[in-house]
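To keep things clear, I will list the structure first and then write my remarks on it.
The values are calculated or read from the model by the stated rules, or taken from the named source; none is laboratory data. The model shown is predicted, which means the values in this text are computed figures rather than measured ones. A quick note on method: Cβ atoms are made from the backbone with ideal geometry, for glycine too, and the neighbour counts reach across all protein chains shown. Note: accessible area is taken over every heavy atom of the protein model, side chains too, but ligands, DNA and RNA are not part of it. Shrake-Rupley method; radii C 1.70, N 1.55, O 1.52, S 1.80 Å.
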Amino acid sequence: MNHPIRINKFLSQAGYCSRREADALIKQGRVTINKEVPKMGQKVNPNDQVYVDNKLVKIELKEKVYLAFNKPKGVVCTTNSKVEKNNIVDYINYPERIYPVGRLDKMSEGLILMTNDGEIVNQILRARHHHEKEYIVKVVKPITNQFIDKLRHGVPILDTITRECKVEKIDTYTFKIILTQGLNRQIRRMCEALDYRVTKLKRIRIKHIKLDIEVGQYRHLTTAEINGLQH
């Protein structure tokens, strides 16, 4: 680093966490610059010392790590082991510090990407890019054509209407859905708004990356997969 950068970008470039998570750490007062708690958006200069939870954080030229992980149900997508013992970072126990790209709620399973490349996280999570994410969903009562149609055309949740999406019925209780947005617990909330309850939710694809490993396992992304994430 040879010029000042915002504190959240510094933490993301250091491979500590995503910018979004960095903002949360700053709000919680867990970050200091030269022993002082920074304001949101404050810049870090090349000679400044940045600490998170009293541990020094530096930008080092580390080899970038990109993993595809099949998250089991019950594992939480957080890097904070103080708050959540059954967290994704401890579960994978990778030798270098990595963190999840986005979220998959505790009771859901399937594909989530893990990395130490904060800039790619930023790129994937930007809503305007409309990246596809594909899920298989099981519900408690028989699926009707009306239910599928409403899911496709948008459901009112969280003070908005969900973006139009592709939905396909698989069998009486199961459907496939492809989203291009990532609202909090979106599929579960969409179903609840239409009086359906989700019993199983599995993500099987993010953009061009497909789930092809057993539950609880991870693999490194191929060069082609990594290149595809950058577009």
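Taken together, the residues in the stretch 106-133 that are open to solvent by 40 Å² or more (accessible area, probe 1.4 Å), closer than 18 Å to residue 204 by Cα and in contact with a helix residue (DSSP H, G or I) (Cβ under 9 Å, 6 or more places away or on another chain) amount to 2. If a residue has to be assigned to a loop (DSSP other than H, G, I, E, B) and open to solvent by less than 60 Å² (accessible area, probe 1.4 Å) to count, how many in the stretch 39-48 make the cut? Number satisfying all stated conditions: 2. Assess whether residue 24 counts as being of a type in the set (Gly, Ala, Ser), free of Cβ contacts under 8 Å to residues at least 40 places away in the same chain and surrounded by 11 or more Cβ atoms within 10 Å (Cβ to Cβ). It is true that residue 24 is of a type in the set (Gly, Ala, Ser), free of Cβ contacts under 8 Å to residues at least 40 places away in the same chain and surrounded by 11 or more Cβ atoms within 10 Å (Cβ to Cβ). Taken over the stretch 108-148, residues that are among the hydroxyl-bearing types (Ser, Thr, Tyr) and on the phi > 0 side of the Ramachandran plot amount to 0. When residue 229 is tested against the conditions (1) open to solvent by 70 Å² or more (accessible area, probe 1.4 Å); (2) touching a His at 6+ places or on another chain (Cβ under 9 Å), the lone failure is (1). When the stretch 134-144 is filtered for residues that are open to solvent by 20 Å² or more (accessible area, probe 1.4 Å) and within 15 Å of residue 195 (Cβ to Cβ), the ones remaining, listed by number, are 140, 141, 142, 144.
At least 2 residues being touching a residue at least 12 places away in the same chain (Cβ under 8 Å) is the threshold, and among the strands (runs of 3 or more DSSP E) wholly inside the stretch 54-126 those reaching it are 66-71, 109-115.
The criterion of being open to solvent by 40 Å² or more (accessible area, probe 1.4 Å), part of a strand (DSSP E or B) and either under 30 Å from residue 205 (Cβ atoms) or among the hydroxyl-bearing types (Ser, Thr, Tyr) (or both) holds for residue 51.
Out of the residues in the stretch 153-172 that are open to solvent by 90 Å² or more (accessible area, probe 1.4 Å) and in contact with a strand residue (DSSP E or B) (Cβ under 6 Å, 6 or more places away or on another chain), state the one that is farthest from residue 206 (Cα to Cα). Taking the candidates together, the pick is 169. Total residues in the stretch 1-22 satisfying the condition of being over 16 Å from residue 78 (Cβ atoms), part of a loop (DSSP other than H, G, I, E, B) and modelled with pLDDT of 85 or more: the figure is 2. Against the list (1) assigned to a helix (DSSP H, G or I); (2) surrounded by fewer than 18 Cβ atoms within 10 Å (Cβ to Cβ); (3) touching a residue at least 60 places away in the same chain (Cβ under 8 Å), the condition residue 188 fails is (2).
The condition of being in contact with a strand residue (DSSP E or B) (Cβ under 7 Å, 6 or more places away or on another chain) and either at pLDDT 95 or above or not hydrophobic (A, V, I, L, M, F, W, C) (or both) does not hold for residue 91. Considering only residues of the stretch 215-226 that are in a helix (DSSP H, G or I) and either over 26 Å from residue 130 (Cβ atoms) or among the aliphatic types (A, V, I, L, M) (or both), which is least open to solvent (accessible area, probe 1.4 Å)? If we take residues in the stretch 215-226 being in a helix (DSSP H, G or I) and either over 26 Å from residue 130 (Cβ atoms) or among the aliphatic types (A, V, I, L, M) (or both), then 226 is least open to solvent (accessible area, probe 1.4 Å). For the stretch 191-198, the criterion of being open to solvent by less than 30 Å² (accessible area, probe 1.4 Å) and farther than 27 Å from residue 68 by Cβ is satisfied by at least one residue.
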